[in-house]
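Trainee: Have a look at this one before I ask anything.
The values are calculated or read from the model by the stated rules, or taken from the named source; none is laboratory data. For clarity, every value in this text was computed on a predicted model and none was experimentally measured. Cβ atoms come from the backbone with ideal geometry, glycine included; neighbour counts cover every protein chain shown. Accessible surface areas use protein heavy atoms only, side chains included; no ligands, DNA or RNA. Shrake-Rupley method; radii C 1.70, N 1.55, O 1.52, S 1.80 Å.
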Amino acid sequence: MPSYKYEAKDQTGKTISGVLTAGTLAEASAQLRASGKFILALQPTSDVVRRRNDGLRLGFGPGTKEVQNFTAQLAVMIKAGISLRAALEGICEQTEHPRMRKMLEQIRRDVESGKQFSDALARYPKTFGTLYINMIRASEMSGGLARMLERIAAYLAQQIETVSMVRGAMIYPGIIGGLAVFTTIFLLTWVLPRFMTIFEGKEHALPAPTKMLLALSNFMVNYWWVLLIGTAVGIWGLFMILKTAWGRLTFDKLKLSVPLFKKLFRALYISRSLHTMGQLINAGVPMLDTINITAEISGNTLYRRLWKNVLASVKQGKKIAAPLQSSPLLPKSVVQMIGAGEESGKLGEVLDEVSEFYARELKSVIKSVTAMIEPMMIVLMGSIVGFIAMSIILPIFKLSSIMAK
C-alpha cells in the first residue's frame, strides 16, 4: 500500500507533519479529515513520485489539441454539476495520450490534496501555458469555472484552426518546391550525364549554358558527399543563428517585409495578440499580467517589444493606446478603437471584435496567397526544367548546323 507525506493543523492550531499509508490519495485525505486535521499539504512519498515522474519522460508531450479536448470535456462536466475531482478522474480514465493521462492523474491528486486547480496546472507550464493558468486563476477568484473553461476551449480551438490554416498555406509551395529540387537533381545526375556521352570529344563546341550545366552535373555526381555535408552544415548553422537574439530578430523582420507573406504574418500576429488580450481582460486577469502574457505569446520579436513597451508605459500610469500610436506594427484604426475601448470601459469587447475581424482577414489573405503561389511555383518549376531541356537540345542544333556546313 502506498504511503503519503502530509502537513496539517490539528484542532489546537498546531502544525504537524508525518507519513500515513492509504490505498489512494483520496483515502489518505479522508483519514486526516476524520481525525479532525486541516490539510495543508498531502503528496505521495518520494519513491512513488520518482516512479511517476519517470513515467512522464516516456513518449511525446501532449499538444494543443489534447489540451483543447481536455478543456472542452471538463467544461461540459463542470457545467453539468460534476465536482472538479470527479470530472478530472473521469477524463483521466478516457484519455488515450499516455503523458496527458499521467499529467491529469497528478493534477487530480494535487486537487484532492487541497491545492487550487490553477496551482495544480502550474506544475506543467509548457503544456498549459501562462495564459491558460492565469485565466483559471482568475475564475477561481471570481467564480464561474465552467464558463471560463468554455472560453479557454474556444480560444484554443481558434488557435488550432489558425495554425492549421497557415500550415496548409505552406504545404502546397513546399510540395512544389520539393518536386522542383528532386526533378533538377534527377536531370543533372542521371539524364544529363547519359545524354552527353554522344558529345564526347566535342566539348569545345558546346554552348555556354550546356557547359555550365555539364560542369554542375559532374560536380554533383563526383562530389555529392560535399553537397550533403554542406547542406547539413547550412541547415544546422541556420538553426543556430535563429536561436540567437540577432538571428531571431532578423527572421522576424524578414517575415514582415517579404511582399507576398508580410500581409499574412501581420494579420496573424495582430489577431493573436488582440484575441489573447481580449480573452484575458474579459476573464478578469490584471492588466499588467494581461499585457505581459500578450507579449510572450505574440510570436514575433517586434510585436513582443511593442507590447513590452506598452507594459512599461502602463506601469507609469499611461493608457494602452498611447505607446501604440507611434508604432507601424498596428494600423491607426486599430489603435483608435483600442483608445475608444479604454475610454468607454469596454476594452475587452472591442479587442474581441477587432481580433475577429483580423481572423477573417487572415483567412482571406491565406486564400489569396495560396492562389498567387500556385502559378508562381509552376512557372518556377517550368523555367528550371525548360532551361535544362534547352541546354540539352541546343548542342544538337549547333552540331547539326556545323555538319551541314
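Trainee: Among residues belonging to region 312-338 that are in a helix (DSSP H, G or I) and among the β-branched types (Val, Ile, Thr), point out the one that is farthest from the chain's Cα centre (by Cα). Let's see the steps before the verdict.
Mentor: At the first step, the residues of region 312-338 found to be in a helix (DSSP H, G or I) are 312-315, 321-324, 332-338.
Applying the additional criterion that residues be among the β-branched types (Val, Ile, Thr) yields 314, 334-335, 338.
Working: 314: 28, 334: 25, 335: 26, 338: 26 Å.
That would be 314.
Trainee: Could you check region 105-128 and list, in sequence order, the residues that are closer than 24 Å to residue 296 by Cα and open to solvent by 20 Å² or more (accessible area, probe 1.4 Å)?
Mentor: Let us first name the residues in region 105-128 that are closer than 24 Å to residue 296 by Cα, namely 117-128.
119, 122, 123, 124, 125, 126, 127, listed by residue number.
Trainee: Of all residues in region 282-301, count the ones that are open to solvent by less than 40 Å² (accessible area, probe 1.4 Å) and either of a type in the set (A, V, I, L, M, F, W, C) or on the phi < 0 side of the Ramachandran plot (or both). First the steps, then the outcome.
Mentor: Let us first name the residues in region 282-301 that are open to solvent by less than 40 Å² (accessible area, probe 1.4 Å), namely 283, 285, 290-291, 293-295, 298-301.
After this cut, where a residue has to be either of a type in the set (A, V, I, L, M, F, W, C) or on the phi < 0 side of the Ramachandran plot (or both) as well, the list is 283, 285, 290-291, 293-295, 298, 300-301.
Of the residues in that region, 10 qualify.
Trainee: Please pick out the residue among 378, 392 that is loosely packed, with under 15 Cβ neighbours inside 10 Å and hydrophobic (A, V, I, L, M, F, W, C). Show your work before the answer.
Mentor: Numbers: 392 fails: loosely packed, with under 15 Cβ neighbours inside 10 Å.
After ruling out the rest, the residue left standing is 378.
Quick grid of which residues meet (1) on the phi > 0 side of the Ramachandran plot; (2) of a type in the set (A, V, I, L, M, F, W, C); (3) more than 25 Å from the chain's Cα centre (by Cα); (4) not in a helix (DSSP H, G or I):
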| residue | (1), (2), (3), (4) |
| --- | --- |
| 349 | no, no, yes, no |
| 359 | no, yes, no, no |
| 386 | no, no, yes, no |
| 397 | no, yes, yes, no |
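Trainee: Next up: If the requirement is being modelled with pLDDT of 85 or more, open to solvent by 30 Å² or more (accessible area, probe 1.4 Å) and under 28 Å from residue 84 (Cα atoms), which of these qualifies: 137, 147? Even if it seems obvious, please write down each step before you answer.
Mentor: Details: 137 fails: modelled with pLDDT of 85 or more.
Just one listed residue meets the conditions, 147.
Trainee: In contact with a Ser or Thr (Cβ under 6 Å, 6 or more places away or on another chain) and either of a type in the set (D, E, K, R) or free of Cβ contacts under 8 Å to residues at least 24 places away in the same chain (or both) - does that describe any residue in region 236-257?
Mentor: So the first thing to find is which residues in region 236-257 are in contact with a Ser or Thr (Cβ under 6 Å, 6 or more places away or on another chain), and the list is 248-249, 252.
From what is left, the residues that are either of a type in the set (D, E, K, R) or free of Cβ contacts under 8 Å to residues at least 24 places away in the same chain (or both) are 248, 252.
Checking region 236-257: at least one residue is in contact with a Ser or Thr (Cβ under 6 Å, 6 or more places away or on another chain) and either of a type in the set (D, E, K, R) or free of Cβ contacts under 8 Å to residues at least 24 places away in the same chain (or both).
Trainee: Return the only residue of 241, 270 being in contact with a Gly (Cβ under 9 Å, 6 or more places away or on another chain), assigned to a helix (DSSP H, G or I) and surrounded by 12 or more Cβ atoms within 10 Å (Cβ to Cβ). Spell out the reasoning first.
Mentor: Values: 270 fails: in contact with a Gly (Cβ under 9 Å, 6 or more places away or on another chain).
One residue alone meets the criteria, 241.
Trainee: Give region 12-36 a look and list any residue that's among the aliphatic types (A, V, I, L, M) and at pLDDT 75 or above, or say none. Steps first, answer last, please.
Mentor: From region 12-36, those among the aliphatic types (A, V, I, L, M) are 16, 19-20, 22, 25-26, 28, 30, 32, 34; that's our starting set.
Within region 12-36, 16, 19, 20, 34 qualify.
Trainee: Still on this structure, I have one more. Report yes if residue 309 is open to solvent by less than 70 Å² (accessible area, probe 1.4 Å) and either part of a helix (DSSP H, G or I) or aliphatic (A, V, I, L, M) (or both), otherwise no.
Mentor: Working: open to solvent by less than 70 Å² (accessible area, probe 1.4 Å): no; either part of a helix (DSSP H, G or I) or aliphatic (A, V, I, L, M) (or both): yes.
No; evaluated as a whole, the condition is false for this residue.
Trainee: Enumerate the pairs (first residue in region 370-390 and in contact (Cβ under 8 Å) with a residue 12 or more places away in the chain; second residue anywhere and outside any helix (DSSP H, G or I)) with beta-carbon separation below 8 Å, excluding pairs fewer than 6 apart on the same chain, so at least 6 apart or on different chains.
Mentor: That search, which allows pairs on different chains as well, returns 372/260; 373/260.
Trainee: To continue, here is another question. Are any residues in region 188-209 assigned to a loop (DSSP other than H, G, I, E, B) and modelled with pLDDT of 75 or more, and if so, which ones?
Mentor: Residues satisfying the conditions are 206, 207.
Trainee: Also: Can you tell me how many residues within region 64-104 are of a type outside the set (A, V, I, L, M) and in contact (Cβ under 8 Å) with a residue 60 or more places away in the chain?
Mentor: Here is the first cut: in region 64-104, the ones of a type outside the set (A, V, I, L, M) are 64-66, 68-71, 73, 79, 81, 83, 85, 89-90, 92-99, 101-102.
Imposing the further condition that a residue be in contact (Cβ under 8 Å) with a residue 60 or more places away in the chain reduces the set to 64-65, 68, 71, 79.
Qualifying residue count, region 64-104: 5.
Trainee: OK, next. It is to be established whether one or more residues within region 161-170 are open to solvent by 40 Å² or more (accessible area, probe 1.4 Å) and farther than 30 Å from residue 76 by Cβ.
Mentor: yes
Trainee: Which residue, of 361, 353, 343, is open to solvent by 30 Å² or more (accessible area, probe 1.4 Å) and touching a residue at least 24 places away in the same chain (Cβ under 8 Å)? Reasoning before the result, please.
Mentor: On the way: 353 fails: touching a residue at least 24 places away in the same chain (Cβ under 8 Å); 343 fails: touching a residue at least 24 places away in the same chain (Cβ under 8 Å).
On inspection, the qualifying residue turns out to be 361.
Trainee: Can you list residue pairs whose Cβ atoms sit under 7 Å apart, with the first residue in region 141-167 being over 16 Å from residue 129 (Cβ atoms) and the second being part of a helix (DSSP H, G or I) and open to solvent by 40 Å² or more (accessible area, probe 1.4 Å)? Count only pairs 6 or more apart in sequence or on different chains.
Mentor: 146/79; 165/363
Trainee: Keeping to region 83-100, report how many residues are under 25 Å from the mean Cα position of the chain (by Cα), closer than 14 Å to residue 69 by Cα and surrounded by 18 or more Cβ atoms within 10 Å (Cβ to Cβ).
Mentor: In the first step, residues of region 83-100 are kept if they are under 25 Å from the mean Cα position of the chain (by Cα); the result is 91-92, 95-100.
Filter again for closer than 14 Å to residue 69 by Cα, leaving 91-92, 95-97, 100.
Still in the list and also surrounded by 18 or more Cβ atoms within 10 Å (Cβ to Cβ): 91-92, 95, 97, 100.
Result for region 83-100: 5.
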